[in-house]
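Colleague: Structure in C-alpha cells, see below.
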C-alpha cells in the first residue's frame with residue numbers, strides 16, 4: 001500500500017529528480033553542487049509525496065501564499081511541481097494527494113487554492129476551474145514610439161534594496177483578486193527570488209521607474225528572447241500604482257527600440273491592450289487561460305467577498321465533491337457592517353457546483369455570463385436581480401508563476 005505524506009528535507013532530491021523526467025529537464029545529480037534542496041528555498045513540509053517503500057513515485061508542492069481577495073488578504077495554497085513517474089501513472093496517485101491535501105488546507109485556514117494546469121480537465125476533477133485569463137500581446141517597438149521616455153529608470157541588480165519595488169507591488173495588487181503578497185514569506189525571500197538573476201548572464205532585466213518627484217510608481221521585468229533571428233523584449237512582470245506609472249514604465253521601450261524588434265507581454269485582462277498604441281491593427285494578441293482556482297472554504301469566502309452597497313439576502317446551495325465540508329445551503333445576508341453567512345434549510349435561490357462557484361466568487365465572470373456557459377454546474381431559481389448585483393466581474397491577476 002502506497003503511503004501519502006509530507007516530505008522530509010532529505011527527500012526533496014527525489015522530487016527534483018521526478019521533475020527532470022516529467023518536465024523534460026536535464027540536471028547532473030552526481031555533482032556535489034547540484035545536491036541542493038529546492039532552489040527556491042521552499043521548506044520540505046510544503047511538499048507532498050506518494051511513496052512505495054522509500055521510493056517517491058509522485059509528488060507536488062503546496063506553497064503557502066497570502067493573496068488579495070476583494071480587498072482582503074487571505075491564505076492561499078499554490079499547487080506546483082505536480083509530477084508522477086511514468087511507470088506509476090494512471091494509478092490515481094495525484095488524486096489521493098488532493099484527497100489528503102484539501103481537507104488539511106481547510107483545517108489550516110486556507111480560503112483558496114490556485115494552480116497552473118497542464119490540462120484543465122484533469123484539475124476540474126479536484127474542483128479547480130479557470131480563474132485568470134492573460135492576453136499575450138506582441139507590438140512592434142516602433143509602434144510604441146508615441147509613449148515618450150520621461151522620469152528616471154533605475155536598473156535593479158541582485159542584492160539591491162527592494163523596498164521601492166515592494167511598495168509599488170503592494171499598491172498594484174491592493175484591488176486585484178489573486179494578487180499575491182511578497183512580504184508574507186520571511187527574510188525578504190520572495191523579493192530575493194524575484195531579483196536573483198544576473199542581467200549579463202541571463203538577459204533578464206528589472207527597471208524601477210520614478211516620476212519627476214522621485215516617487216516610485218512602476219517597475220518592469222523582461223527578458224531578451226530571440227525568435228526567428230529577432231530580439232524581443234518579453235515582459236514577465238509589469239506593476240504600477242496608477243496610469244502615470246503604467247505609461248511611465250512603458251516609456252522604456254523608446255530607449256530600447258534599436259535593440260528589440262517586438263514588445264511581448266502576458267498582460268492582465270483588466271487592461272485594454274488597444275490603449276497602448278494609436279493603430280490597434282498593429283497589435284497581435286491571443287488569450288491564454290493560464291491559471292485555475294478553487295474555493296477551499298466556501299463559508300468564509302462568501303463572508304469576505306465584495307457585497308452590493310444596498311442590503312440584500314440570498315440562499316446559495318453548494319456541491320463540492322472533492323471537499324464535502326463545503327456542501328449545503330448557505331443564507332447570505334449583507335449590510336453596511338459586512339456579510340453574515342449561516343447554514344440554512346431554506347429553499348435555494350441559486351445552486352452551484354464548486355467549479356462555477358469558484359469563478360463567481362472571485363469575480364472571474366458575471367452571473368449573466370455564467371448562465372451562458374455550456375457547463376452544467378449552475379441553476380438559478382429565483383432572486384436573480386439580487387444575485388446579479390452580488391456576482392460581478394472584478395479585476396483578476398495571479399501575480400506569481402507556479
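Please treat every number below as a calculation from the coordinates, not as lab data. Owing to the predicted nature of the structure, the values given are computational and were not obtained by experimental measurement. Note that we place each Cβ from the backbone using ideal geometry, even for glycine, and neighbour counts take in every protein chain shown.
Colleague: To the nearest 0.05, what FRET efficiency results for residue 255 and residue 346 with a Förster distance of 45 Å applied to their C-beta separation?
Modeller: For residue 255 and residue 346, the calculated efficiency is 0.15.
Colleague: So for 185, 48, fewest C-beta neighbours within 10 Å to most, what's the order?
Modeller: The most exposed by this proxy come first: 185, 48.
Colleague: Figure the gain on full extension for residue 230 and residue 381 (residue separation times 0.36 nm, minus the Cα-Cα span) and round it to one decimal in nm.
Modeller: 48.8 nm
Colleague: So, in Å, what gap is there between the alpha-carbon centers of region 326-346 and region 374-400?
Modeller: What the calculation gives is 16 Å, centre to centre.
Colleague: What's the center-to-center distance, using Cα atoms, between region 126-166 and region 79-93 in Å?
Modeller: With region 126-166 and region 79-93 each reduced to a Cα centre, they are spaced 34 Å.
Colleague: So if I restrict to the alpha-carbon atoms in region 219-307, what is the Rg, and what is Dmax, the biggest pairwise distance, in Å?
Modeller: Spelled out, the Cα radius of gyration and Dmax of region 219-307 are 17.2, 54 Å.
Colleague: Determine, from the Cβ-Cβ distance of residue 274 and residue 369 and an R0 of 22 Å, the FRET efficiency 1/(1 + (r/R0)^6), rounded to the nearest 0.05. Kindly include the intermediate steps, with their values, before the conclusion.
Modeller: Working: r = 21 Å, r/R0 = 0.96.
Using R0 = 22 Å, I get an efficiency of 0.55.
Colleague: Name the shape class, rounded, prolate or oblate, that the alpha-carbon gyration tensor gives for region 135-291, where a ≥ b ≥ c are the square roots of its eigenvalues, rounded holds for a/c under 1.5, and otherwise prolate holds if a/b is larger than b/c and oblate otherwise. Walk me through the numbers on the way to the answer.
Modeller: Working: a/c = 1.42, a/b = 1.35, b/c = 1.05.
Rounded.
Colleague: Still on this structure, I have one more. By its C-alpha gyration tensor, with a ≥ b ≥ c as the square roots of the eigenvalues, how is region 171-259 shaped: rounded for a/c under 1.5, else prolate for a/b larger than b/c, else oblate?
Modeller: oblate
Colleague: Would you mind ranking 312, 150, 200 so that the residue whose beta carbon has the fewest other beta carbons within 10 Å leads the list?
Modeller: Least to most surrounded, the residues fall as 200, 150, 312.
Colleague: Which value at 222 nm does the chain reach when only helices count, each DSSP H run of 4 or more adding -39,500 (n - 2.57), with the total divided by all residues and rounded to the nearest 500 deg cm²/dmol?
Modeller: Calculated at 222 nm, the ellipticity per residue is -6000 deg cm²/dmol.
Colleague: Could you work out the relative contact order of the chain? I mean the mean sequence separation of Cα pairs under 8 Å and 6+ apart, divided by the number of residues, in percent.
Modeller: RCO, the chain: 18 percent.
Colleague: Rank the residues 391, 270, 118 as a footprinting-exposure proxy: fewest other Cβ atoms within 10 Å of their Cβ go first.
Modeller: In order of increasing Cβ crowding within 10 Å: 118, 270, 391.
Colleague: Sort the chain into rounded, prolate or oblate with this rule: let a ≥ b ≥ c be the square roots of the eigenvalues of the Cα gyration tensor; rounded if a/c is under 1.5, and if a/c is not under 1.5, prolate when a/b is larger than b/c, oblate otherwise. Write out the running numbers ahead of the final one.
Modeller: Values: a/c = 1.87, a/b = 1.16, b/c = 1.62.
Verdict is oblate for the chain.
Colleague: Now for a different question. Once you've got the GNM for the chain with C-alpha springs shorter than 10 Å, pick whichever of 141, 293, 202 has the biggest mean-square fluctuation.
Modeller: 202
Colleague: On full extension of the chain, what length is gained from residue 187 through residue 287, given 0.36 nm per residue of separation minus the C-alpha to C-alpha distance? Numbers along the way, then the final one.
Modeller: On the way: separation 100, 0.36 × 100 = 36.00 nm, distance 3.61 nm.
Full-extension gain reported as 32.4 nm.
Colleague: Separate question: At a 10 angstrom cut-off on C-beta neighbours, averaged per residue, how do the peptides 260-266, 238-244 rank from highest to lowest?
Modeller: 260-266, 238-244
Colleague: So which residue, out of 365, 374, 96, gets the largest mean-square fluctuation from a GNM of the chain using Cα contacts under 10 Å as springs?
Modeller: 374
Colleague: Same structure, new question: State the Cα centre-to-centre distance between region 206-222 and region 266-321 in whole Å.
Modeller: 27 Å
Colleague: Let me ask you something else. Could you work out which residue, out of 86, 268, 186, moves most in a Gaussian network model of the chain, that is, has the largest mean-square fluctuation with Cα springs under 10 Å?
Modeller: 186
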